[in-house]
1. Quickly run through segment 100-129 and pick out the residues that are part of a helix (DSSP H, G or I) and either surrounded by 17 or more Cβ atoms within 10 Å (Cβ to Cβ) or modelled with pLDDT under 95 (or both).
2. Exactly one condition in (1) over 22 Å from the mean Cα position of the chain (by Cα); (2) assigned by TED's automatic domain parsing to the domain that holds S58; (3) not small (G, A, S) is false for E182; which is it?
3. Working only within segment 86-99, note down all residues that are farther than 22 Å from L274 by Cα and modelled with pLDDT of 95 or more.
4. Against the condition closer than 17 Å to D233 by Cα and either among the aliphatic types (A, V, I, L, M) or touching a His at 6+ places or on another chain (Cβ under 7 Å) (or both), how does I211 come out, does it pass?
5. Looking for whichever is under 29 Å from H263 (Cα atoms) and aromatic (F, W, Y) here; the options are F151, F51, F122. Which one fits?
6. Looking at segment 1-45 only, could you name the residues that are at pLDDT 95 or above, in a helix (DSSP H, G or I) and exposed (fewer than 15 other Cβ atoms within 10 Å of the Cβ)?
7. Please specify each residue of segment 31-71 satisfying the condition of being more than 21 Å from the chain's Cα centre (by Cα), among the polar types (S, T, N, Q) and under 13 Å from Q140 (Cβ atoms).
Amino acid sequence: MSKSIFVVIPLLVSAVIARPAVAAKNAQLDTAKIEELTGAKGKLDEKEGAFKVTAPRSDLTVTAAGVRLTPPMGLTSWAAFKRAGTHTMVMGDIVLLEDQVNPVMSVALDNGLEVTALHNHFFWDTPKVMFMHIGGMGDQATLAAAVGKVFGKIKETSGGKGEVPTADIDPAKTSLAPEKIEAILGAKGDLKDGVYKVVIGRTAKMHGTEIGNTMGVNTWAAFAGSDDQAVVDGDFAMLETELQAVLKALRGAGINVVAIHQHMTGETPRIMFLHYWGIGPTQTLAKGLKAALDTQKR
């Protein structure tokens, strides 16, 4: 009888001690303040010590292959906060229509958040939905306020109030001066079928073998139009540590980011790729690209 008592009591004591320990760990996150600053309700995962706020995109009417998508089917923006030493870290996924992507991305970058990926989660969706992944490390209140501004920009640009850059440009009628682009970028390209394309290679290794420009490790830019109004589209090849600076330079120049992802697996160092689209005077676009190129280690 006494043995049973001595076995049970330590277990009870252990349970009592464990609860305050968990509570103390989670108390480091001011969940009420996070909800206030983000403007979104959240839920605490006590096991992971993470607090996740969600913002369902109930304002959207989206179908994919004829199926009506609802927020629980993947149309919910979220951000999760967790203590990391003396700092707080945040990770999240933001649901956006195409016209919202770049206005919301600029708000995220301008308020100290990192943008780590931009891609689709569905096929055959109407309207097209994009997903922007964010991250950050620092002061809890600063991060929560930044997420709140992101959520606020989503509401502000909802209903077709975002940005859709358009231009009446036909490559067959291109008249821009390639030498002006070359002078700014410091690299020569080729003019073919009304498109002036510049390709700048870099190197990495895969399976112990060096890979470079021809194998797809390159940044390229394709221009068409006139000196006064042109379009540029292309792809940036970057190290992970270069991504945020390139993003800020492009957005600072008014160039739109349309995708952020990887093209390979197992390469060293890891190379990220960013696809972009810009409309404006040729030299302005070229200067924006040059500013992004100048942030890279080459």
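1. Kept after step one, since they are part of a helix (DSSP H, G or I), are these residues of segment 100-129: 100-110.
The answer is Q100, V101, N102, P103, V104, M105, S106, V107, A108, L109.
2. All conditions pass for E182, except number (2).
3. Residues of segment 86-99 that are farther than 22 Å from L274 by Cα, as a first pass: 86-90.
Of everything in segment 86-99, those that are farther than 22 Å from L274 by Cα and modelled with pLDDT of 95 or more turn out to be H87, T88, M89, V90.
4. Details: closer than 17 Å to D233 by Cα: no; either among the aliphatic types (A, V, I, L, M) or touching a His at 6+ places or on another chain (Cβ under 7 Å) (or both): yes.
The answer is no for I211.
5. Values: F151 fails: under 29 Å from H263 (Cα atoms); F51 fails: under 29 Å from H263 (Cα atoms).
Matching residue, one of F151, F51, F122: F122.
6. Step one: list which residues in segment 1-45 are at pLDDT 95 or above, which gives 29-45.
Narrowing further to those that are in a helix (DSSP H, G or I): 31-38.
Matches in segment 1-45: A32, K33, E36.
7. Residue satisfying the conditions is T31 alone.
One line per residue, one yes/no per condition, for (1) out of contact with any helix residue (DSSP H, G or I) (no Cβ under 8 Å at 6 or more places or on another chain); (2) surrounded by fewer than 19 Cβ atoms within 10 Å (Cβ to Cβ); (3) outside the structural domain of L191 (by TED's automatic domain parsing); (4) in contact (Cβ under 8 Å) with a residue 40 or more places away in the chain:
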site	(1), (2), (3), (4)
A237	yes, no, no, no
L250	no, no, no, yes
I255	no, no, no, no
H261	yes, yes, no, yes
M264	yes, yes, no, yes
E267	yes, yes, no, yes
G278	no, no, no, yes
L285	yes, no, no, yes
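The values are calculated or read from the model by the stated rules, or taken from the named source; none is laboratory data. None of these values were measured; they are calculated from a predicted model. Backbone-built Cβ (ideal geometry, glycine too); neighbour counts: all protein chains shown.
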